[in-house]
1. What is the percent of Cα-Cα separations in segment 80-149 that go past 19 Å?
2. At 10 °C and 1.306 mPa s, what whole-number value in µm²/s does Stokes-Einstein give for the translational diffusion of segment 1-52, with Rh from the Kirkwood sum over Cα pairs?
3. Relative contact order of the chain: what whole-number percent is it, with Cα pairs under 8 angstrom and at least 6 residues apart?
4. Any idea what % of Cα-Cα pairs in the chain are farther than 25 Å?
5. With a 1.4 Å probe and every protein chain kept in, tell me what percent of the accessible surface of the chain is carbon plus sulfur.
6. Measure out, as a whole number of angstrom, how far apart the alpha-carbon centroids of segment 44-65 and segment 3-25 sit.
7. Under 5 Å between amide hydrogens, which residues at least 5 positions from ARG169 or on another chain qualify, with H placed 1.01 Å from N in the peptide plane?
8. Can you give me the angle between helix 51-60 and the longest principal axis of the chain, using Cα atoms only, in degrees from 0 to 90, rounded to the nearest 10?
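The values are calculated or read from the model by the stated rules, or taken from the named source; none is laboratory data. Since we're looking at a predicted model, the values are computed, not measured. Areas reflect the complete protein model, heavy atoms only, side chains present, ligands, DNA and RNA absent. Shrake-Rupley method; radii C 1.70, N 1.55, O 1.52, S 1.80 Å.
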Amino acid sequence: MALTGNVVVLTGGVGGAKLARGLVEVLPPERLSFIVNTGDDFWRLGLKICPDLDTLMYTLADVVNPETGWGLRGDSLITLGSLDRLYRVDPWFRLGDKDLATHLLRSHWLRQGCSLTAVTACLVERLGSGARILPMTDAEMPTLVDTVECGLLGFQQYFVKYGWQPVVRGIKHQDCESARLSDAVLSALLAADAVLIAPSNPWLSLAPILAIPGARDLLARLSAPVVAVTPIIGGAAVKGPTAKIMRELGLEVSARSIADFYQDIIGGFVDDKRNEAFARQGLRITQMDTLMNDLPDKIALARGTLEWIGSWTA
Ligand code: GDP
């Protein structure tokens, strides 16, 4: 029988949002909490931008741009064009006109003294995103990417400005020592009947969450099962720099390396059926089709994962 209790999902942006979209079709929203990476967040032109939170919010509210998997459907770039033409502001970071509404309101509420958790809850409620979407922390903890060619780069500079081309030699989480999991995140984890680690980029999207003091220990100690889904299919990433970064960090590009990364916290691993099967003592592994091209794929992976976890205790 499929698991029907509280499910908490640790996630980054586009890859994680695909599984999230499937999960909301198989579980009622009050059973679902998404703990979202905020290491990608930054300030641009006085606006607080939270790319992974926005991707989750827009996906679950069904207003996301289906072509990119991020940003708003039917958006335009008139303001960005004017900033460039009239004021020579380099338009390297795309900010859609409709999307600006989110950034303006978020920044306004943050400046009024609200926490990112509270601001996100208001945005989610007004957008109608349904499930609980929780920033991993209310502290600012920007991810810095240490590259061979350019040295330390802010995450968005690495990812967007330089198109993730510089060679990565390390990843840092600025100010992580003083960051704390928010109370809402702690409560969600303590009430979880299962924790899923979405098929997001482990080094860029999940590592920031795990870098918050106490996060890894808490996950390792939970009595609820913690299960990761592979972002590597057939020795490659579906999209983005995951495989490239793995090679640059000297790791084998395989699901095995992903399982190793989460070794101390997971009890289960959903591998893709296209990958070479492997075994790990103490780790339950299943293989399924984890490629999510359309909504039925997303639902099938969500349902398959919950049924598999449910079968452990049946
Ligand atoms: P970002 O924050 O927007 O870069 O996205 P994430 O970190 O959430 O996800 C990036 C990862 O998602 C990449 O490693 C992809 O391989 C993985 N991914 C994207 N689509 C799929 C899919 O359909 N299935 C699986 N298994 N992984 C996927």
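1. 54 percent
2. On the way: Rh = 12.5 Å.
Translational diffusion coefficient: 127 µm²/s.
3. Numbers: 595 pairs, mean separation 69.7, N = 314.
Over the chain, the number comes to 22 percent.
4. On the way: 23324 of 49141 pairs.
In whole percent, the share of Cα-Cα pairs in the chain beyond 25 Å is 47.
5. Numbers: 7140 of 13700 Å².
That share works out to 52 percent.
6. Each part reduced to its Cα centre gives a spacing of 16 Å.
7. ASP146, THR147, VAL148
8. Once rounded, the angle reads 70 degrees.
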